[in-house]
Amino acid sequence: MFYQEGLDRVLRFGDVVRGYISSSLTIKKPILSNQRKEHSYKIDIEVPQYSVVLTPCCSIGDNTITLTPLMRVFSSFFKNPYFAESLLRINQEMTAEQAVPPKDWKKLPEEERLKRLQVGKAGKEYAFAEYFIYAGNDIFDEYEVKKNTIKNYMIDFKNVQVLKCSLIKRPEMAQLEDTPIIDSKVLQLTVEARRNLREKLAAYYARVPAEDTILEE
């Protein structure tokens, strides 16, 4: 199972919540001087229908959590039959051959195919390292992708924001007036699904760039 049947009355890592603002900042270039001149920047504000808590359970409190909005999955995922059968496979490690559409795999030179099959642990690694798919459920709106009607949504590890609110407290410190924070919670992951999210998020940040690997050798 992907979701726990009942909801704990505390915020947990991976929880789906509602009612929070999401913002994104776009700038033309860094503001490196104090001179009074025109600076170009844009702040986009929206209220996504649902967001996901990405703060580890033991760190939730002190008026702060990190959130990422749930978004629709990419239609390009359905080009790969392995993903089309179950989008949740994107959350797991896989072979290089499973990670690309069969026709694209066949186009690769034999040497490149062998090289890709040898990476990762036992020839497996995460594809689309920055994305994690949430299973469809009764509260998510359905939509159509490549003639498939689905309720799956996903999060992007690159799009994480800090939220500050005085109602966010450690469970043992929470008071009755802090109830709105708990009431914003609509879904909770099972222990297994939460572990899968934690492991993929950890792998995303643990990736070693090629230039560092060369220096370490």
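Looking at the P(r) of the chain, how many percent of alpha-carbon pairs lie beyond 33 Å? Pairs farther apart than 33 Å: 29 percent.
Between the stretch 155-193 and the stretch 1-68, the C-alpha centres lie 11 angstrom from each other.
Dimensions of the stretch 109-217 along the principal axes, based on C-alpha atoms and rounded to the nearest Å, stand at 62, 44, 23, largest first.
In plain terms, the chain from Leu114 to Ile139 could stretch by 4.7 nm, reckoned as 0.36 nm per residue minus the Cα-Cα distance. Among Pro48, Pro109, Ala202, which residue has its Cα furthest toward the positive end of the charge dipole of the chain, with +1 on Lys/Arg Cβ and -1 on Asp/Glu Cβ? Farthest towards the positive end: Pro109.
How charged is the neighbourhood of Ser75? Take every other residue with its Cβ under 11 Å from the Cβ of Ser75, and add Lys/Arg as +1 and Asp/Glu as -1.
Working: positive: Arg72, Lys79, Lys146, Lys147; negative: Glu144.
Net charge in that neighbourhood comes out at +3.
Between Asp178, Asp104, Asp156, the Gaussian network model of the chain with springs among Cα atoms under 10 angstrom shows the greatest mean-square fluctuation at Asp104.
Provide the gained length on full extension for the span Lys146 to Leu7, in nm with one decimal, where the gain is 0.36 nm per separating residue minus the Cα-Cα distance. Let's see the in-between values first.
Numbers: separation 139, 0.36 × 139 = 50.04 nm, distance 3.35 nm.
In short, 46.7 nm is gained.
Determine the sum of side-chain charges near Glu142: Lys and Arg each +1, Asp and Glu each -1, restricted to other residues whose C-beta is under 15 angstrom from that of Glu142. Kindly include the intermediate steps, with their values, before the conclusion.
Working: positive: Arg72, Lys146, Lys147, Lys151; negative: Asp138, Asp141, Glu144.
For residues surrounding Glu142, the net value is +1.
Computed from the C-beta positions of Lys103 and Ser22 and an R0 of 22 Å, the FRET efficiency is 0.05 to the nearest 0.05. The trypsin sites (Lys or Arg not before Pro) of the stretch 104-149 that meet both conditions, a loop assignment by DSSP and at most 14 other Cβ atoms within 10 Å of the site Cβ, are Lys146, Lys147. With a threshold of 22 Å on the Cα-Cα distance, the over-threshold entries among Lys164/Lys200; Lys103/Lys124; Lys42/Lys185 are Lys164/Lys200; Lys42/Lys185.
As a rough footprinting exposure proxy, the listed residues Arg18, Arg207 were ranked by other beta carbons within 10 Å of their own, and the order from fewest upward is Arg207, Arg18. Calculated FRET efficiency, Lys164 to Asn34, Cβ-Cβ distance, R0 = 25 Å: about 0.40 to the nearest 0.05. Each residue in Met1, Met94 was given a count of other beta-carbon atoms within 10 angstrom of its own, and listing them fewest first yields Met1, Met94. Every helix of 4 or more DSSP H residues in the chain counts as -39500 (n - 2.57), and over all residues that averages to -5500 deg cm²/dmol at 222 nm.
What's the magnitude of the charge dipole for the stretch 3-80 around its Cα centre, counting Lys and Arg as +1 and Asp and Glu as -1 at the beta-carbon? Answer in Debye, nearest 20. Numbers along the way, then the final one.
On the way: 10 positive and 7 negative charges, 102 e Å.
Around 480 debye, computed over the stretch 3-80.
Straight-line cross-link partners of Lys29 among the aspartates and glutamates, defined as a Cα under 16 Å from its Cα and at least 8 positions apart when in the same chain: Glu38.
None of the figures in this text is laboratory data; all of them are computed from the coordinates on show. Since the model is a prediction, treat every value here as computed from it, not as a measurement. Backbone-built Cβ (ideal geometry, glycine too); neighbour counts: all protein chains shown.
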